[in-house]
Amino acid sequence: METKQRNENTTAAPLSPAKDILGGSFRNVLKNRSFVLLWLAQLLSQIGFNAANYGVIAFVTAVTHSTVLVGFAIISFTLPAVPFSLLAGVYVDYLDKRLVLWVSNILRAAATGLIVFALLWNPQTVIPLFFLTFVISLVTQFFTPAEASAIPLLVGKNDLGPALSLFSITLTIAQVLGFLLLGGLITALFPPFRLSLGFIRVQVQSFDMLFAVVTLVYIICMLLILAIPARAFRQKPSAGSELRRSLGEQTWKIIRHDVRETWAYMRKNHSLLLALLQVSFVSILLLAIGELTGPFVVNVLHLPVQDLPLIFAPAGIGLVLGGLLMPSLTRRLGKNRTIALGSLSTAVGLLLIPLGRFIWSRFALPVSSCW
């Protein structure tokens, strides 16, 4: 019965240990209807989330041309992960995963719809955009752990590895599709137009269309989650049932205990501490590049903000290729050499940006004067 509850498409006969190990594959996972629905919801929600983040950066750049305000835009969708991810992870463990998933999607759809109304009401405002983006990111902190903890409930033990790998690959692909495909295409293909609603006439911008499409994407994700049978999310009663009844009183105690244990383990394991510092510096560097890219395109290159996807395109292609080539590079060079090579290549690429612009500014004028 447990096998049927976890994977409605697997056979009822128990598998031997050898077959259980060899049976795990992407083909088996994709035959599981409940998992496919959850996977599609994750793919669409991540595409919508990244497209909305692109829209926030591009809109603030187009309206203000300010690097500082673009920085506030990035903070609005990254800051909630710092204090709320721990709280969300603890609470989600003791809540109905299906309920958390579809409610978080409808809340994100409502917040994104409010962004559309705010921009239609005042196309030059950014304060409501910052606030609503913060709310969307806050709700996402509950969606992500609920989704991760729902995977073992939907697939069998032998298919857990392929399922997690598929979700990991989807995260990278969704970043590229969100920033470049959905965000870039909508802002580039939909010109501004005037909409008449009775006595009200509003000017609809391309960014309004982008956030409207993201709202629709979240609604589709909610419907996909609701299409999964509630019985698929059932789990065995655990020893934490007593904690569930007093979760509000125990949460802070659990978080302090887990953080204290994690920090103590990190101090003893210097390799882990160094790896976390490297990941942190890379994340900070990527956010700094994202903050500077918009104003650089508009103020330095004098290009329209709709050309931002052209600047992000090489980064997206490199992200996908890096994910595909990294396992073979790591086997050939080793982990430390691969990390060092990646850091050195990143530094060289950043140095070539101002150097390339300087060379172009020197040679562009004489070449144009010859014509």
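The values are calculated or read from the model by the stated rules, or taken from the named source; none is laboratory data. Only a predicted model underlies this, so the values are computations on that prediction, with no experimental measurement involved. As a convention, Cβ positions derive from the backbone with ideal geometry for all residues, glycine included, and neighbour counts pool all protein chains shown.
Listed conditions (1) in a helix (DSSP H, G or I); (2) more than 22 Å from ILE220 (Cα to Cα); (3) hydroxyl-bearing (Ser, Thr, Tyr) are all met by SER104, apart from (2). Do the conditions hold for LEU86, that is, is it in a helix (DSSP H, G or I), free of Cβ contacts under 8 Å to residues at least 24 places away in the same chain and more than 17 Å from MET222 (Cα to Cα)? No, not satisfied.
Restricting attention to the range 63-81, does a residue exist that is farther than 21 Å from THR293 by Cα and in a helix (DSSP H, G or I)?
yes
Only a single criterion out of (1) at pLDDT below 70; (2) surrounded by 10 or more Cβ atoms within 10 Å (Cβ to Cβ); (3) part of a helix (DSSP H, G or I) is not satisfied by SER238, namely (3). Pairing residues of the range 306-317 that are over 14 Å from GLY294 (Cα atoms) with residues that are in a helix (DSSP H, G or I), at Cβ distances under 6 Å and at least 6 apart in sequence or on separate chains, gives GLY316/VAL176; GLY316/LEU180. Of all residues in the range 193-224, those being in contact (Cβ under 8 Å) with a residue 12 or more places away in the chain and touching a strand residue (DSSP E or B) at 6+ places or on another chain (Cβ under 6 Å) number 3. Being out of contact with any Ser or Thr (no Cβ under 9 Å at 6 or more places or on another chain) and touching a residue at least 40 places away in the same chain (Cβ under 8 Å) is the filter; apply it to the range 102-120 and report the residue that is nearest to PHE59 (Cα to Cα). Only one residue fits best here, namely LEU120. Note on the range 199-235: residues that are of a type in the set (Phe, Trp, Tyr), buried (at least 17 other Cβ atoms within 10 Å of the Cβ) and either farther than 22 Å from THR112 by Cα or more than 25 Å from the chain's Cα centre (by Cα) (or both) total 1. Exactly one residue out of PRO192, PRO162, PRO152, PRO145 is more than 30 Å from GLY318 (Cα to Cα), at pLDDT 80 or above and out of contact with any Lys or Arg (no Cβ under 6 Å at 6 or more places or on another chain): that is PRO152.
Candidates are the residues of the range 151-203 that are aliphatic (A, V, I, L, M) and not in a helix (DSSP H, G or I); the one that is nearest to LEU286 (Cα to Cα) is VAL155.
Are any of the residues in the range 173-186 over 18 Å from the mean Cα position of the chain (by Cα), surrounded by fewer than 17 Cβ atoms within 10 Å (Cβ to Cβ) and more than 24 Å from ARG98 (Cα to Cα)? So far as the range 173-186 goes, yes, one or more of its residues are over 18 Å from the mean Cα position of the chain (by Cα), surrounded by fewer than 17 Cβ atoms within 10 Å (Cβ to Cβ) and more than 24 Å from ARG98 (Cα to Cα).
The set of residues in the range 340-363 that are farther than 19 Å from ALA315 by Cβ and of a type in the set (A, V, I, L, M) comprises ALA340, ILE359. For LEU95, the criteria (1) closer than 25 Å to LEU224 by Cβ; (2) assigned to a helix (DSSP H, G or I) hold in every case but one, which is (2). For beta carbons closer than 9 Å, sequence separation of 6+ or different chains, a first residue in the range 265-289 that is at negative phi and a second that is surrounded by fewer than 11 Cβ atoms within 10 Å (Cβ to Cβ) and in a helix (DSSP H, G or I), the qualifying pairs are LEU273/ARG267. From the list LEU308, LEU351, the lone residue that is aliphatic (A, V, I, L, M) and over 30 Å from ILE186 (Cα atoms) is LEU351. Taking the range 108-142, which residues are surrounded by fewer than 22 Cβ atoms within 10 Å (Cβ to Cβ), aromatic (Phe, Trp, Tyr) and within 23 Å of CYS221 (Cβ to Cβ)? Those that are surrounded by fewer than 22 Cβ atoms within 10 Å (Cβ to Cβ), aromatic (Phe, Trp, Tyr) and within 23 Å of CYS221 (Cβ to Cβ): PHE117, PHE131, PHE134.
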